[in-house]
Amino acid sequence: MRNKLLMVVLMLLAQHAWGQAPGDFPKDYFGAPVDFKMVLSGTFGELRNNHFHSGIDIKTYGAIGKPLLAVADGYVSRVAVSAGGFGKAVYITHPNGFTSVYGHCDRFADSLARWVRAEQYRLESFAVNLFPEPEKFLVKKGEVIAYSGNSGSSMGPHLHFELRKTEGEIPVNPLLFGYDIRDFIRPTMQRMKIYPVGSNSLIGGRNKITEFALAGWGPNYRLKDGDTISLSGTFYFGIDTYDLLNDANNKNGVYAVRLLVDSVEFYSHRMDGFSFDESRCINSLIDYDDYARRKVRFQKTYIAPGNKLSVYETRTRRGLIDFNDGKLHRMQYVVEDANGNISVLTFYVQAVPPDFRDAMQQVVNPKTQMVFDWDSDNEFSTDDLRLELPRGTLYDTLSFAFSQSPAGKEFYTPLYKVHHPGVPMHDYGKIYLKPQGLPSGSEGKALVVQVPPKGDLIPVGGKWEKGWLVAPIRSFGTYAVVVDSVAPTIAAVNITNGKNVSGQKNITFRIDDALSGIADYRGTIDDKWILMDYDAKNKLLTYTIDHRMPKGNSLLKLEVTDARGNKKSYQAKLIR
């Protein structure tokens, strides 16, 4: 019986494609971006904070400076340098309609590095986004174009590698192109959730979201306690799952998730590709409320009306299932990795016809609230607050909740709780706040902050409009206004005034800001701008000593400015 069920599952897997023929993903066109065995620490479509992972992460085993290779003939179409994100990144456009991306580089190949450095000096900016002419940097397959690193938002040395459709810059799963990644391990399923829809839907007689522990392995996952669940009403499901690959212990994302009801596929999604403008819809695919509270990501079958993700393949009734027919139903969760390894959870649902007398007992003190429609512009206002949520901000219709409470002396408004932080937003809304009692002349230092239950204030910013401080927001939560009049800090790491630096390769500073954040910095030697690499995650500024520091005496200056215009300066006389 079990073999028959697996055969049904495998047949269903073979029926799907991402709107493209297999030939659109050539298996022998692209080479490897590294000259060593590829082991992954991150997979395509992996669930990340507010986005899906748009490539694969290739381990460099803690090393920096490994050669990165062009995966095919083409030309360098873009070079980006930033303190966050991909850090130092190279983009190569290929004649077959794809672009390869190499992120978190330590440095570029020599000729490219010289050109980028010249452009940074021309623009007097570390952060650049450059688009060389197609004929300027032609590359051949296997040519070294950069060296691996840990730049940008990387949390450890590795290569972030992408393949994108050049038209539209659509990330595509690189593992569709035949890369040889050793993986014989089936995905792991940890927990399942069942969500009742409406007060008349009952799980074992209760109207409550219920989590189920799982046991087993591979094709033999089961509920840890029993095998049958009693359901009455309408429900959707969620699964907490991850994948392991050979040669690494990283918990990676899975490739595809499916839910079958009586051997018929009811829901499925597959991570072949997606557009960047839909990536934030991850917050609608997962149980965002649970993620906000516990940092656990359950992937739901329910597809909210404002969720425009293209990864869904089967979306029957938007993932909502009715269990009212009194029958026993066989359910199967099927999880697949990109190498075709699958795991199957099998359980049963006993559908129970609804008993409205029992259901009515579940409704306690219903309250009427303001309804925000997912497909409309929505507004809310009080005397000192206004909220604007344009169409496209919400994934689903909601009953809006608002409250305010007194704040501490560091705040110039009450604490405004704007709906619930467990409800995701897709696009930006605007919050208008009217602070009271600002110190004279401090208007330019005022900013909107988000006040989390624990931890530091989160700067949001804001601009003045007709007496209101207006800021863009992209999450619900508690907001207030504070004043930032404290300058950033500068700490010299390896120099002092009067030091002879002829024996060192670089000059390093640690810079920080306690509230609004670093907005700008400028370093000079004898009043001439110098290039300083900014590593935001480690709060480090580094100048690599070169010919711009003359022999003999020179004066180094550094000025750092935060987002509210507070400035801090440092200077030192140095000898070389």
Rounded to the nearest 0.05, FRET efficiency between His547 and Met155 (Cβ-Cβ, R0 41 Å) equals 0.75
Segment 341-352 - phi-based ³J(HN,Hα) in whole Hz, Karplus 6.51/-1.76/1.60, Gly and Pro as x: 6, 10, 10, 10, 9, 10, 8, 10, 10, 8, 6, 10
Give me, ordered by chain and number, the residues 5 or more places off Leu68 or on other chains with an amide H under 5 Å from its own placed amide H. Ile145, Ala146, Tyr147, Ser148
How large is the direction-averaged shadow of the alpha-carbon convex hull of segment 188-360, in nm²? 10.6
If you count, for each residue, the other Cβ atoms within 10 Å and average over each peptide, how do 217-226, 267-276 line up from highest to lowest? 267-276, 217-226
Any idea how far apart Trp217 and Asn339 come out in nm if each label point goes 7 Å out from Cα toward Cβ? 1.6
Final fewest-first order of Cys281, Cys105 on the 10 Å Cβ neighbour count is Cys281, Cys105
At R0 = 25 Å the Cβ-Cβ FRET efficiency linking Lys557 and Thr496, nearest 0.05, sits at 0.95
Figure the gain on full extension for Asp512 and Asp227 (residue separation times 0.36 nm, minus the Cα-Cα span) and round it to one decimal in nm. 97.1 nm
If I model a spin label at His51 and Lys37 as a point 7 Å from the Cα along the Cα→Cβ vector, what separation in nanometres do I get? 3.1
So how far, in whole Å, is the C-alpha centre of segment 406-422 from the one of segment 137-187? 43
Asp73 and Ser381 label points (each 7 Å along its Cα→Cβ direction) are spaced in nm at 6.3
Between the Cα axis of helix 110-123 and the main Cα principal axis of the chain, the angle (0 to 90°, nearest 10) is 80
Would you please give the residues with an amide H less than 5 Å from that of Gly392, counting only those at least 5 places away or on a separate chain, with H modeled from the backbone geometry? Ser376
Based on the Cβ-Cβ distance from Lys539 to Ser485, what FRET efficiency comes out when R0 is 22 Å, to the nearest 0.05? 0.60
The extension gain from Asp526 to Asp24, computed as 0.36 nm times the residue separation minus the Cα-Cα distance, is 175.1 nm
Give me the Å³ per residue figure for the convex hull around the C-alpha atoms of segment 421-576. 148
Using each residue's phi in segment 404-412, evaluate 6.51 cos²θ - 1.76 cosθ + 1.60 at θ = phi - 60° and report the 3J(HN,Hα) Karplus result to the nearest Hz, with x for Gly and Pro. 9, 9, x, 10, x, 5, 7, 9, 10
Radius of gyration and maximum dimension Dmax of segment 49-103, Cα, Å: 12.6, 34
Could you sort out which of Lys27/Lys193; Lys66/Lys557; Lys193/Lys308; Lys88/Lys454 sit more than 27 Å apart by Cα distance in this structure? Lys27/Lys193; Lys66/Lys557; Lys88/Lys454
Looking at segment 247-301, what % of the alpha carbon pairs are farther apart than 16 Å? 58
Taking a ≥ b ≥ c as the square roots of the eigenvalues of the Cα gyration tensor of the chain, is the shape rounded (a/c under 1.5), prolate (a/b larger than b/c) or oblate? oblate
For helix 2-14, report the angle its Cα long axis makes with the longest principal axis of the Cα atoms of the chain; keep it between 0 and 90° and round to the nearest 10°. 50
Summing -39500 (n - 2.57) over every DSSP H run of at least 4 in the chain, dividing by its residue total and rounding to the nearest 500, the 222 nm mean residue ellipticity is -2000 deg cm²/dmol
Backbone HN-Hα couplings from phi across segment 516-523 [Karplus 6.51/-1.76/1.60, Hz, Gly and Pro as x]: 6, x, 5, 10, 7, 8, 8, x
Per residue, how big is the convex hull around the C-alpha atoms of segment 489-575? Give it to me in cubic angstrom, could you? 83
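Values in this text are rule-based calculations from the coordinates and carry no lab data. Keep in mind the model is a prediction, meaning the values are calculated, not measured. Counting neighbours? That spans all protein chains shown, and the Cβs are built from the backbone with ideal geometry, glycine included.
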